[in-house]
Amino acid sequence: MHLDFTSEQRLDGDRGGDVIEREFTLGDIPGILWTPAPAPAPAPASPSTPLPLILLGHPPLGLRPMYPRLVDRARHAVAEGFAAATIELPGIGDRPRWDALEQARADLGRVMRAGEPVGDEIVDALVLPLVDRAVPEWRAALDALLALPGIGGPVGYSGGVISIGIRLARVEPRIEAAALFAGSFVPRTMFEEAREVTIPLHVLLQWDDEGNERQAALDLFDAFGSKEKTLHANMGGHSGVPRFAAEAADRFFTRHLK
């Protein structure tokens, strides 16, 4: 798929450095790329100094609603010397409606409003088709982004639907480290895939996450096959992630990608 830039703007960056934000389309998939703004007298990009890249995952709520959080994460990443990029998930935002996904989300909402347990059938219908569609798109985006001047890896994946992160970490050799958020439902089959993940992992868990079964998150962490994996657990609900958690993830990526 071909990547076409559709807009560009300069943003104030974290710690004083400005950020260039460029929206793009990859086929019919919208995305955003953030890179450091050039200095007043920039030197030409050198193949020996490519920017490492962090792929910013996000929940299936749409790029526009998630933009404030995404751009904040991107500013942090750029301040640490990374490029950052994200793409819209299938069936979300401005992308064509996906009836099966909308039905699965409706079924989940109905069960949760009724206070009933969320069964495997609903979790599988909600997550597995999304993983199957989204992961090839992330890999296609990675192909296009790494072909851009000045971006050459290594690559990390951060946040978003944890099952997408698991699949990407298992099948994409260019991803060398991942920071995952244990805040979404995980099909049982993904536990088997987690055992095949061997890259360094930084896993964030909100201890009182109202939408995430704590023991399942702990079991998933235990299942990961990585020799280096760290679990950061903080008190609070799903939306109560402390700001210093992002700083810990930045340090993790700096260790492994730079």
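Approximating the spin labels as points 7 Å out from Cα along Cα→Cβ, the residue 25-to-residue 69 distance works out to 2.7 nm. The ranking of 163, 184 from fewest to most other beta carbons within 10 Å of each one's beta carbon is 184, 163.
For the chain, the percent of C-alpha pairs falling in each 10 Å distance bin, counted from 0 to the bin holding the largest distance, reads 7, 31, 37, 20, 5, 1, 0.
With Cα atoms defining each centre, the stretch 186-223 and the stretch 118-157 are spaced 17 Å apart in the structure. Only one residue of 101, 36, 221 has its Cα farthest out toward the positive end of the dipole of the chain, where Lys and Arg carry +1 and Asp and Glu -1 on Cβ, and that residue is 36. Taking GluC sites (Glu not before Pro) in DSSP loop states with no more than 15 other Cβ atoms inside 10 Å as exposed sites, the chain has its longest site-free stretch at 1-195. Which shape class, rounded, prolate or oblate, goes with the stretch 92-195 when its Cα gyration tensor gives a ≥ b ≥ c as root eigenvalues, a/c under 1.5 marks rounded, and past that a/b bigger than b/c marks prolate? Note, shape of the stretch 92-195 comes out prolate. Computed from backbone phi, the HN-Hα couplings of the stretch 250-258 come to 4, 5, 4, 5, 4, 5, 9, 10, 10 Hz, rounded to whole numbers (Karplus: 6.51 cos²θ - 1.76 cosθ + 1.60, θ = phi - 60°; Gly and Pro given as x).
What the Kirkwood sum gives for the stretch 191-258 is a hydrodynamic radius of 12.8 Å, with every pair of different alpha carbons counted. Once the Cβ-Cβ distance of residue 111 and residue 147 is raised to the sixth power relative to R0 = 41 Å, the FRET efficiency obtained is 0.40. Relative to the Cα centre, the charge distribution of the chain, modelled as +1 at Lys and Arg Cβ and -1 at Asp and Glu Cβ, gives a dipole magnitude of about 560 debye. Amide H contacts of residue 232 (H built 1.01 Å from N, in plane; Pro and chain starts excluded): 203, 204, 205 sit under 5 Å, all sequence-distant by 5 or more or on other chains.
Extending 7 Å from Cα along the Cβ direction at residue 4 and again at residue 233 yields two label points whose distance is 5.0 nm. The calculated FRET efficiency for residue 174 paired with residue 79, based on their beta-carbon distance and R0 = 30 Å, is about 0.80. Between helix 99-113 and the chain there is an angle of about 60 degrees, using the helix long axis and the longest principal axis of the Cα atoms. Multiplying the residue separation of residue 213 and residue 61 by 0.36 nm and subtracting their alpha-carbon distance yields 52.6 nm. Between the listed residues 27, 134, 149, the Cα displaced farthest toward the positive end of the dipole of the chain, a dipole computed from Cβ unit charges relative to the Cα centre, is found at 149.
Readers should treat all values here as calculations from the given coordinates under stated rules, not as data from a laboratory. The structure presented is a predicted model; accordingly, all values stated were derived computationally and were not measured. All Cβ positions, even for glycine, are placed from backbone atoms using ideal geometry, and neighbour counts span all protein chains on display.
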